[in-house]
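One structure below.
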Amino acid sequence: MDTTTFLSFKINGIPFYTNRQKGNSILDHIYKTCPKEKFIVASLIFYLHKDGQKNVYAKYTQVTKEELGSLLEKDRNITELMHEDRPQNVSFDCEITTDLTDPLNQIKKKILEKFPDALMNISGSRMLEPDNRNWKYSYHIILQNYVAREIDDLYGVKEWCTLPEQRALGFDPNIYRRKGLLKCINQSKGDKARRDKRQKKKPHTQDYIEGSRDVYDHTIHHNIREDAKDIPEYFKEIAMTTTAAPRSKKLAGERNGGKQKKRRLENVPDIPRMNLEPPEGFDIYTADPR
């Protein structure tokens, strides 16, 4: 991987490459050159710019499964990126701020309605907001026995997450995309803009909540079970019938019976061509009267 033109920083002995002053060029390069035995992760730091805007400083690298495990031994703000053409465990990102009770049980119930017998590995954070009234609940849920063969398989899941019942519980549909991000277990956002002296640790740390204690079972691309089930047919039907634009040419082709069709105007009558004589006393080239 030729990264000599990019700034690099070592995290736990692994070189990470920065996007500072390079736009997305470093991520695009790392994504395109990532070998099959490695996966892309990012170390993200959120901060407030002097103009008051919240920005993110990102560093990216390619890691093996073992290297990822070593990174997760401490909080290094590590986040996984979704690969569009690789299998991944079905996952959910739910975040909601409310003065009501913890919504986790309702979230699990919703998932089980569509993914029967789902084995859930859950990490997350529960943080009191500065107003001392509302709580912010954030959960990442990995289904250990359901798999998406590629990113397009998750399009129906994304559409389901946009429905009002799911949005009311904080389901985030925006993670299901090429280079979509999901923060790893035991990692925080590195959110310098939201440090709270009342908290003994960094805000938004993905603490273990329930399920497997194996950190790899809380990742999207690792420990995929051989007997994992495909995404239920219900979600494929959503993907094929939604009015939203398809995520890829492949999905667009599937909607059209295996090939992409050109759109044509319908119910538009044929208008006969009229041959009109140029008007007298008028210059058609300059639009000036003669």
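See the values below:
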read-out	value
Filtered residue count, region 159-206, keeping only those that are in a helix (DSSP H, G or I) and at pLDDT below 80	3
Selection within region 31-52 - open to solvent by 100 Å² or more (accessible area, probe 1.4 Å) and closer than 16 Å to residue 87 by Cβ	36, 37
The one condition in (1) part of a loop (DSSP other than H, G, I, E, B); (2) at pLDDT 95 or above that residue 209 fails to fulfil	(1)
Condition broken by residue 97, with the remaining ones in (1) open to solvent by 40 Å² or more (accessible area, probe 1.4 Å); (2) closer than 28 Å to residue 26 by Cβ; (3) touching a strand residue (DSSP E or B) at 6+ places or on another chain (Cβ under 6 Å); (4) not aliphatic (A, V, I, L, M) satisfied	(2)
Residue list for region 98-114, restricted to those being among the polar types (S, T, N, Q) and more than 13 Å from residue 141 (Cβ to Cβ)	98, 101
Residue, modelled with the lowest pLDDT, within region 53-76, restricted to residues that are open to solvent by 30 Å² or more (accessible area, probe 1.4 Å) and basic (Lys, Arg)	54
Test for residue 112: is it crowded, with 20+ Cβ neighbours inside 10 Å and either more than 15 Å from residue 41 (Cβ to Cβ) or of a type outside the set (D, E, K, R) (or both)	no
Qualifying residue in region 77-90 (condition: under 18 Å from residue 43 (Cβ atoms), open to solvent by less than 50 Å² (accessible area, probe 1.4 Å) and basic (Lys, Arg))	no
Condition check for residue 117: under 16 Å from the mean Cα position of the chain (by Cα), surrounded by fewer than 21 Cβ atoms within 10 Å (Cβ to Cβ) and under 21 Å from residue 224 (Cα atoms)	no
Hits in region 121-174 (condition: surrounded by 22 or more Cβ atoms within 10 Å (Cβ to Cβ), within 19 Å of residue 219 (Cα to Cα) and in contact with a Pro (Cβ under 9 Å, 6 or more places away or on another chain))	125, 139, 146, 148, 157, 158
Check on residue 132, assigned to a loop (DSSP other than H, G, I, E, B), without any contact (Cβ under 8 Å) to a residue 60 or more places away in the chain, under 28 Å from residue 75 (Cα atoms) and not aliphatic (A, V, I, L, M)	yes
Qualifying residue in region 86-93 (condition: among the charged types (D, E, K, R) and under 25 Å from residue 223 (Cα atoms))	yes
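The values are calculated or read from the model by the stated rules, or taken from the named source; none is laboratory data. From a predicted model like this one, the values you see are computed outputs, not experimental measurements. Cβ sites come from the backbone with ideal geometry, for glycine too, and all protein chains shown count toward neighbours. These area figures cover heavy atoms from the full protein model, side chains too; ligands, DNA and RNA do not enter into them. Shrake-Rupley method; radii C 1.70, N 1.55, O 1.52, S 1.80 Å.
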